[in-house]
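Here's the structure we're looking at; comments come further down.
The values are calculated or read from the model by the stated rules, or taken from the named source; none is laboratory data. Values in this document were obtained by computation on a predicted structure and should not be read as measured data. Here the Cβ is made from the backbone with ideal geometry for all residues, glycine too, and neighbour counts use every protein chain on show. Note: areas computed on protein heavy atoms with side chains; ligands, DNA, RNA excluded. Shrake-Rupley method; radii C 1.70, N 1.55, O 1.52, S 1.80 Å.
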Amino acid sequence: MFPYIALANEKGWQPGPYPGVELMPLHNNEQTGGVTVLRKFHAGITVPAHIHPLASEFVYILSGDWEESGKTYTTGSFFFAQRGIAHGPHIARTEVISLTIFDGPLTVLPADGPS
């Protein structure tokens, strides 16, 4: 048996770093500060271009239509952004649910740098 099990139906959604984005934490890595989350993007929201300075991001789309660089991706699409590399904007054409892993602390900065 796995030493850790998370059941989504026993967890709740929390506000994410942008309006219209919610997170459901599934696992926190105490050694690296990394997190595994389900993310819900409400239909029609746009997440502006941004950087995760402390973590690489791994994203697998479980459901929905996600637009990236003018192309729409759907269930089964995988994205990777190296720590410190700008990515986005992301547009949720429908409600999008993704499984997302950050291998370090989840921090977000605008792609054009701090204001």
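Before we move on, is LEU109 within 13 Å of the chain's Cα centre (by Cα), open to solvent by 40 Å² or more (accessible area, probe 1.4 Å) and not aromatic (Phe, Trp, Tyr)? Against the criterion (within 13 Å of the chain's Cα centre (by Cα), open to solvent by 40 Å² or more (accessible area, probe 1.4 Å) and not aromatic (Phe, Trp, Tyr)), LEU109 does not qualify.
Take the conditions (1) closer than 16 Å to ILE101 by Cβ; (2) not in a loop (DSSP other than H, G, I, E, B); (3) not aromatic (Phe, Trp, Tyr); GLN31 misses just one of them, which is (2). Of the residues that make up region 52-66, is at least one open to solvent by 40 Å² or more (accessible area, probe 1.4 Å), in a strand (DSSP E or B) and among the polar types (S, T, N, Q)? Yes, there is a match, as at least one residue in region 52-66 is open to solvent by 40 Å² or more (accessible area, probe 1.4 Å), in a strand (DSSP E or B) and among the polar types (S, T, N, Q). With respect to TYR18, determine if the residue is open to solvent by 70 Å² or more (accessible area, probe 1.4 Å) and touching a residue at least 12 places away in the same chain (Cβ under 8 Å). Considered against the rule, which asks whether it is open to solvent by 70 Å² or more (accessible area, probe 1.4 Å) and touching a residue at least 12 places away in the same chain (Cβ under 8 Å), TYR18 comes out as no. Among the residues of region 37-51, those identified as assigned to a strand (DSSP E or B) and open to solvent by 30 Å² or more (accessible area, probe 1.4 Å) are LYS40, THR46, ILE51. Of the residues in region 67-102, how many are exposed (fewer than 14 other Cβ atoms within 10 Å of the Cβ) and part of a strand (DSSP E or B)? Residues in region 67-102 being exposed (fewer than 14 other Cβ atoms within 10 Å of the Cβ) and part of a strand (DSSP E or B): 4 in total.
For region 83-103, a tally of residues being within 21 Å of THR32 (Cα to Cα) and either within 13 Å of the chain's Cα centre (by Cα) or among the aliphatic types (A, V, I, L, M) (or both) returns 6.
Pairing residues of region 22-51 that are small (Gly, Ala, Ser) with residues that are open to solvent by less than 40 Å² (accessible area, probe 1.4 Å) and part of a strand (DSSP E or B), at Cβ distances under 6 Å and at least 6 apart in sequence or on separate chains, gives GLY34/PHE102; ALA43/ALA92. If you check TYR60, TYR4 for being hydroxyl-bearing (Ser, Thr, Tyr), out of contact with any Phe, Trp or Tyr (no Cβ under 9 Å at 6 or more places or on another chain) and more than 15 Å from VAL108 (Cβ to Cβ), only one passes: TYR4.
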